[in-house]
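Comments concern the structure below.
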Amino acid sequence: MSLSASPRPPGPRRRSLLVSATGAAGAVLLVGCSGGSESGEPAAERSAADAARARAGRDSEALAARYAAVIAAHPGLAERLRPLRAEVLRHAEAFGAKGTGGTASPGAPSEASPSGSARAAGPGDDVGRVPVDEKDAVALLAGAERKLADRRAQALLEVPGELARLLASVAAAGAAHVYLLTDGG
């Protein structure tokens with residue numbers, strides 16, 4: 001009797017499917033999972049990890065604010081976007097963010113500006129700038145999700161194990177949101 005492994009079935013392996021399905025976020029997910037525990041880290045590393053965690057939480061809150069602005073400007077997209085926004089808010093919570101998630105103020109109607117965008121969120125920020133066209137508004141969200149997922153994928157190379165795994169997971173979710181906002185929607 002031979003002890004050699006049975007032949008692999010034809011086709012791609014699960015790991016290569018994960019990498020191709022989630023792009024760079026999936027690739028770094030595999031790298032991030034090999035990190036060690038965060039106990040015993042020097043104080044400087046913990047401080048850097050805390051700063052990265054806080055930044056990730058703020059980024060998720062800002063993204064949730066973008067979703068809120070698009071929903072306020074285009075109520076017809078609400079059913080499609082609310083679940084994604086709720087997921088982004090859960091990401092913010094996972095990073096320890098305590099904010100409101102950038103909800104648009106209840107009494108402030110969105111107004112069209114001369115530049116062809118609607119205003120739906122707080123004063124003095126570009127988060128509330130929403131294109132008048134629904135397709136452009138969804139493309140804006142997809143671009144923001146993609147940019148944030150890429151930034152998180154890069155950041156996990158500089159943080160310890162547990163936070164790297166969390167960043168990788170959230171980056172992969174962001175990549176899935178991009179798919180749902182573009183090809184999957």
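Rule-based calculations on the coordinates, nothing more; no lab input. What you see is a predicted model, and the numbers here were worked out from it, not measured in a lab. Glycine also receives a Cβ, built like all others from the backbone with ideal geometry; neighbour counts cover every protein chain displayed.
Observations, loosely collected:
- Local electrostatic count at I71 - Lys and Arg +1, Asp and Glu -1, tallied over other residues with Cβ under 9 Å: +2
- Karplus-derived HN-Hα couplings along region 81-88 (A = 6.51, B = -1.76, C = 1.60, θ = phi - 60°), whole Hz, x at Gly and Pro: 8, 4, x, 5, 5, 4, 5, 4
- Karplus-derived HN-Hα couplings along region 161-173 (A = 6.51, B = -1.76, C = 1.60, θ = phi - 60°), whole Hz, x at Gly and Pro: x, 4, 5, 4, 5, 5, 4, 4, 4, 5, 5, 5, 5
- Using θ = phi - 60° and Karplus 6.51 cos²θ - 1.76 cosθ + 1.60, couplings along region 48-61 (whole Hz; Gly, Pro as x): 5, 5, 4, 5, 5, 5, 5, 4, 4, x, 5, 4, 5, 5
- The residues neighbouring L167, those whose beta-carbon lies less than 12 Å from its own, together hold a net charge of +1 under the Lys/Arg +1, Asp/Glu -1 convention.
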